[in-house]
Amino acid sequence: MSKVSPMNIPDAAVAQKAHSATTDIKAPRNICDMPIEILSKVFLDTLDPLDAVDPVFNPSSNAVTLLNISHASSFLREAVIGDSSLWAVVPYLNGIHTDFLKAILERSQQTAINLTLLDDGRVWEADENWNEARWHFDRISKLHIEVDPISEGFILHTFLSRPAPSLTECRIHFVGFRNVPLNKLLNSRDPRLFDDDAPHLHTLKLTNCWIRPKHYSSLPSLRQVAVQSQYNSDRAYREGHSFMALEDLLGGHSLANSFIYLQDLALINCIQHSDRPEGPTFQQPIHLPSLERFTLETTIGDCHQLATNFRLPKTCSRIITSTSHRHRQLKLEDASAAGVALSLFVPSDAPNTHCAVGTSDLTPFLRFTNSYSTVTLRLRLPGRKDPHFDAHMFLVEVGMALAPALGTRVSTISTVHLQFEKLSPSSGLLLPLLRLMDVKEITSQSSELWADPCIQALARHENVPSLRKLQMPLEDSICEAEDLAGVSRFLRSREDVQEIVFQVDLSRLGDMEHDEMDSVIRDLTRNFPSTVDLKWVAS
């Protein structure tokens, strides 16, 4: 039996020394001894960020938290009430007593404020709270509006029509089955978002609504844009819902100038599906030189158009998800087009070193990692909804289209990560690509994966001739004879594999000594070939 070696385990003496050093630090005897500046940061950490405040069911959560802290003692009350930055985070309009709203705004002094509200369809013209909000509108830094299904967006219209000199972040969510063009909500032939006066707005997140791309040119500080529709389906089109046109996104407007400083762009099911199979042609590419993250979910054809026209830097990480057209489900003949479209998002000037294949949220994916960025390619499949759809064969066809399209872009990959369970169709993506890679190591998220004959066939010598190392978790299930036998069979068929590294969870390691864990592994792997070097690492 080969020697079992622990890896990356901290020396006990070093750990004890670090523990002693931490115990020498004198902590304040009680909270009253802490500096006010530290207390303020602690209190601020107890408050929810803007996107975590629920305007519908719990808009008062942050305000209630501050009240609870201030009621704990007179010292804490003085500390909380005297800190304007705390009260600037908590303003809300729905269901709040006017006196309390005035107190919040007074305590926030002149600090830029957050505001959370539900536009519930009521006419608020005579509402005192609404008048208070309008009076302080130029102080709003972060705005989160949810529009109730029964509302046409009267309050939202008022906010979008006014200058917003302090606004840095805006989130708008239309609740319900709809997708609303905000330029029509402004009810003008030449609608101006925030009256063309939101010079500091850097984050705009729209859910079930959108604006025409030309309006982004009035927002010079944009760094993050996310547009998402939750209902881009055949029913939505039958009911007359509208979506962003690809022509608007790629042609005729100065989108490149608007997005020159953009760092994060997400377009999720928000693009109008074209009935033309070939799609429009655009001559002018759009350069996005500052982009760091790009998330896209749309049809195969739109993926191809955007990949062809967008110029992304190699430092930009991408998550690209192809979907079927609303008129029909995916068919086997769509696989080749999907593979070609997805391949266009993999940079040609950044050699990849790692590849992961797996399933996340029932969606198969391939992930390529290089020294500059990460590219994740995902495919929405019909799954069990269509009994005639062969997911594994479809993914094999996608992989076959990816392989010649990627070519040398995958030849530098030395490590492959298998992030799926036994019998998953996701392995089909990898099969055509393996022979182009120089795989020396395979890691898996489960040891039982090696009991799957398909995985053993995948890792045969003719597919991965340079394979020398396996890495897998040390699970309770590894004690099952089937799993151990699967690993053992593979090792005996691949005598050139020299090393296995087991990942041991720290909770399982507990107080166990190194020698004890060595003994456990030796016992579990007693039927492994003696030529294999066994190691373990705490994870």
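The values are calculated or read from the model by the stated rules, or taken from the named source; none is laboratory data. Computed from a predicted structure; not experimentally measured. With ideal geometry, Cβ positions are generated from the backbone for all residues, glycine too; neighbour counts draw on all protein chains shown. The area values use the complete protein model at the heavy-atom level, side chains included, leaving out ligands, DNA and RNA. Shrake-Rupley method; radii C 1.70, N 1.55, O 1.52, S 1.80 Å.
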Could you please find all residues in segment 432-442 being crowded, with 19+ Cβ neighbours inside 10 Å and closer than 10 Å to residue 463 by Cα? 432, 433, 434, 437, 439
Selection from segment 482-539 of residues that are open to solvent by 80 Å² or more (accessible area, probe 1.4 Å) and of a type in the set (A, V, I, L, M): 506
Quick check on segment 187-201: of everything there that is surrounded by 20 or more Cβ atoms within 10 Å (Cβ to Cβ) and not small (Gly, Ala, Ser), which residue is modelled with the highest pLDDT? 201
When you check residue 445 against the structure, is it touching a residue at least 40 places away in the same chain (Cβ under 8 Å), open to solvent by 10 Å² or more (accessible area, probe 1.4 Å) and within 23 Å of residue 352 (Cα to Cα), yes or no? yes
Out of (1) at negative phi; (2) open to solvent by 40 Å² or more (accessible area, probe 1.4 Å), the odd one out for residue 361 is which? (1)
All positions within segment 77-91 that are under 38 Å from the mean Cα position of the chain (by Cα) and open to solvent by 20 Å² or more (accessible area, probe 1.4 Å): 81, 82, 83, 84, 85, 89
Please go through segment 227-251 and give me each residue that is farther than 14 Å from residue 299 by Cβ, in a loop (DSSP other than H, G, I, E, B) and touching a His at 6+ places or on another chain (Cβ under 9 Å), ordered by number. 231
If I filter segment 49-66 down to residues being open to solvent by 50 Å² or more (accessible area, probe 1.4 Å) and aliphatic (A, V, I, L, M), which single residue comes out as farthest from residue 174 (Cα to Cα)? 64
Do you know which of the residues in segment 165-219 that are under 25 Å from the mean Cα position of the chain (by Cα) and aromatic (Phe, Trp, Tyr) is nearest to residue 151 (Cα to Cα)? 174
The one condition in (1) open to solvent by less than 10 Å² (accessible area, probe 1.4 Å); (2) within 19 Å of residue 304 (Cα to Cα); (3) in contact with a strand residue (DSSP E or B) (Cβ under 6 Å, 6 or more places away or on another chain) that residue 394 fails to fulfil: (3)
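Restricting attention to segment 335-352, does a residue exist that is within 16 Å of the chain's Cα centre (by Cα), surrounded by fewer than 19 Cβ atoms within 10 Å (Cβ to Cβ) and closer than 21 Å to residue 441 by Cα? If you could, list the steps in order and put the result at the bottom.
Taking segment 335-352 as the starting set, the residues that turn out to be within 16 Å of the chain's Cα centre (by Cα) are none.
No - not one qualifying residue is present in segment 335-352.
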Filtering segment 417-435 down to residues that are free of Cβ contacts under 8 Å to residues at least 60 places away in the same chain and charged (D, E, K, R), which residue is nearest to residue 503 (Cα to Cα)? 422
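Can we say residue 329 is open to solvent by 40 Å² or more (accessible area, probe 1.4 Å) and in contact with an Asp or Glu (Cβ under 7 Å, 6 or more places away or on another chain)?
Working: open to solvent by 40 Å² or more (accessible area, probe 1.4 Å): yes; in contact with an Asp or Glu (Cβ under 7 Å, 6 or more places away or on another chain): yes.
Considered against the rule, which asks whether it is open to solvent by 40 Å² or more (accessible area, probe 1.4 Å) and in contact with an Asp or Glu (Cβ under 7 Å, 6 or more places away or on another chain), residue 329 comes out as yes.
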If only one of 155, 172, 145, 150 is over 16 Å from residue 112 (Cβ atoms) and modelled with pLDDT of 95 or more, which one is it? 172
Return only the number of the condition from (1) under 28 Å from the mean Cα position of the chain (by Cα); (2) open to solvent by 20 Å² or more (accessible area, probe 1.4 Å) that residue 135 does not satisfy. (1)
Kindly provide the set of residues from segment 296-316 that are open to solvent by 40 Å² or more (accessible area, probe 1.4 Å) and either under 12 Å from residue 375 (Cβ atoms) or of a type in the set (Asp, Glu) (or both), ordered by number. 314, 315
For segment 493-521, give me each residue that is in a helix (DSSP H, G or I), more than 21 Å from residue 451 (Cβ to Cβ), over 37 Å from the mean Cα position of the chain (by Cα) and not polar (S, T, N, Q). 514, 515, 516, 518
Quick one: residue 230 ticks every box in (1) within 25 Å of residue 319 (Cβ to Cβ); (2) modelled with pLDDT under 75; (3) out of contact with any helix residue (DSSP H, G or I) (no Cβ under 8 Å at 6 or more places or on another chain); (4) polar (S, T, N, Q) bar one, so which box is it? (2)
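Name the one entry in 429, 470 that is open to solvent by less than 80 Å² (accessible area, probe 1.4 Å), under 26 Å from residue 405 (Cβ atoms), at pLDDT 90 or above and touching a helix residue (DSSP H, G or I) at 6+ places or on another chain (Cβ under 9 Å).
Details: 470 fails: under 26 Å from residue 405 (Cβ atoms).
On inspection, the qualifying residue turns out to be 429.
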Residue 321 - would you say it is free of Cβ contacts under 8 Å to residues at least 24 places away in the same chain, part of a strand (DSSP E or B) and within 19 Å of the chain's Cα centre (by Cα)? no
Given the conditions (1) open to solvent by less than 20 Å² (accessible area, probe 1.4 Å); (2) of a type in the set (Phe, Trp, Tyr); (3) in contact with a strand residue (DSSP E or B) (Cβ under 8 Å, 6 or more places away or on another chain), every one holds for residue 130 apart from (3)
